[in-house]
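I'd like to ask you about the structure that follows.
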Amino acid sequence: MAILKYRKEIDGLRALAVIPVIFFHLGTPSFKGGYLGVDIFFVISGYLISKILIVELKDTNKISVLNFYLRRARRILPVLFFILIILFLIGYFYLLPPYFLELSNSTFSILFFFSNIFFLSNEFNYGNFASDLNPLLHTWTLSLEEQFYILFPFLLIFLNNFFKKRILTFIILIAIISFFLGLIINYISQLDSRFYQYDFYLLPFRAWEILLGS
């Protein structure tokens with residue numbers, strides 16, 4: 001199992017990423033840098049998690065997908081379950097039925113890592129009133145990351161088996177395709193509101209950021 005040594009500069013980047021996110025959510029006038037902070041987090045995540053997989057692949061010529069998933073579960077699920085249980089209990093006693101139903105649906109979506117799709121399909125857009133009242137809106141980033149990491153080990157295994165000397169080339173190619181897909185869907189969304197924020201919430205249009213870290 002690949003173990004990454006502590007990198008203090010990465011913690012520094014995390015701090016630089018979280019500061020604009022905090023200011024954005026505090027409603028600081030004319031401050032929109034929170035979106036950039038999310039982009040930085042995706043790149044950092046791509047670097048840290050992908051390196052574990054790639055180092056394991058290089059050292060052993062294989063990836064233990066089960067062990068990778070178990071490590072992700074041990075890292076994420078205890079805190080996630082704690083937060084969801086606390087919110088669910090508070091919501092049960094203090095929320096009106098429509099808002100508690102919304103909280104329940106949001107909880108279900110995050111448990112199965114599709115909250116980004118749930119929030120998109122229910123038109124939860126940052127800055128509107130309904131979104132500001134949803135305490136789980138931020139989990140869209142976790143769902144998107146986990147969707148990526150469900151697929152990425154199998155992509156690496158496939159490339160290692162059939163294109164072993166071209167793994168980096170294919171990663172770069174997929175990142176470029178994802179980037180241009182994001183530009184295209186962004187342009188389409190300006191012509192057709194049905195596609196509004198697809199580029200914000202969905203993996204195909206965000207994968208390039210995680211792959212940049214890879």
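Hey, if you put +1 on the Cβ of every Lys and Arg and -1 on every Asp and Glu Cβ in the chain, which of HIS138, ILE85, ALA15 ends up farthest toward the positive end of that dipole?
It is ALA15, whose Cα lies furthest towards the positive end.
When the accessible area of segment 102-208 is split by element with a 1.4 Å probe, what percent falls to carbon and sulfur?
69 percent
I would also like to ask the following. Just to confirm a number: summing +1 for Lys and Arg and -1 for Asp and Glu over residues other than LEU142 whose beta-carbon lies under 13 angstrom from that of LEU142, what do you get?
Summing Lys/Arg as +1 and Asp/Glu as -1 gives +1.
Then there's this: Compute the length gained on full extension between VAL55 and ILE83: take 0.36 nm times their separation in residues and subtract their Cα-Cα distance, giving the result in nm to one decimal.
6.8 nm
Based solely on its DSSP helices, what 222 nm [θ] is calculated for the chain when runs of n ≥ 4 H residues each add -39,500 (n - 2.57) and the sum is averaged over all residues, nearest 500 deg cm²/dmol?
-25000 deg cm²/dmol
Then there is this: So for the chain, averaging the separation of alpha carbon pairs under 8 Å that are six or more residues apart and normalising by length, what relative contact order in percent results?
23 percent
Can you tally the net charge around LEU77? Count Lys and Arg as +1, Asp and Glu as -1, for every other residue whose Cβ sits under 13 Å from the Cβ of LEU77.
+3
Roughly how many Å² is the accessible area per residue of segment 67-161, as a whole number, for a 1.4 Å probe?
Accessible area per residue: 58 Å².
Same structure again: Karplus couplings for segment 192-209 from phi (6.51 cos²θ - 1.76 cosθ + 1.60, θ = phi - 60°), rounded to Hz, Gly and Pro as x?
9, 5, 4, 9, 4, 6, 4, 5, 7, 9, 9, 4, x, 9, 10, 4, 4, 5
Give me the net charge of ILE44's neighbourhood, meaning all other residues with Cβ under 12 Å from the Cβ of ILE44; Lys, Arg count +1, Asp, Glu -1.
-2
Along the Cα→Cβ direction, 7 angstrom out, place labels at PHE93 and ASN125. What is the inter-label distance in nm?
3.7 nm
Now a separate question. Residue farthest toward the positive end of the dipole of the chain, with Cβ of Lys/Arg at +1 and Asp/Glu at -1: which of THR60, ILE184, ASN116?
About the Cα centre, the residue reaching furthest to the positive side is THR60.
So, one more: Can you compute the charge dipole magnitude of segment 50-187 about its Cα centre, using +1 on each Lys and Arg Cβ and -1 on each Asp and Glu Cβ, nothing else charged? Give it in debye, rounded to the nearest 20.
On the way: 10 positive and 7 negative charges, 180 e Å.
Taking the Cα centre of segment 50-187 as origin, the dipole is about 860 debye.
Tell me the accessible surface of THR169 in square angstrom (1.4 angstrom probe, heavy atoms of protein chains only), to the nearest ten.
80 Å²
Which order do the peptides 85-92, 43-50, 207-214, 178-185 come out in when sorted by mean C-beta neighbours inside 10 angstrom, highest first?
207-214, 43-50, 178-185, 85-92
What is the gain in length, in nm to one decimal, between PHE180 and LEU36 on full extension, counting 0.36 nm per residue of separation less the C-alpha to C-alpha distance?
50.0 nm
Using protein chains only and a probe of 1.4 angstrom, how many square angstrom of PHE93 are accessible, to the nearest 10?
Probe radius 1.4 Å; accessible area of PHE93 about 150 Å².
Let me check something: with ligands and nucleic acids excluded, how do ARG7, ARG166 order by accessible area (1.4 Å probe), largest to smallest?
These residues rank, largest area first, as ARG166, ARG7.
The values are calculated or read from the model by the stated rules, or taken from the named source; none is laboratory data. Everything numeric here is computed off the predicted structure, so don't read it as measured data. When we count neighbours, we look across all protein chains shown, and the Cβ atoms used for this are built from the backbone with ideal geometry, even at glycine. The protein model used for the area step is the full one, side chains on, heavy atoms only, and it has no ligands, DNA or RNA in it. Shrake-Rupley method; radii C 1.70, N 1.55, O 1.52, S 1.80 Å.
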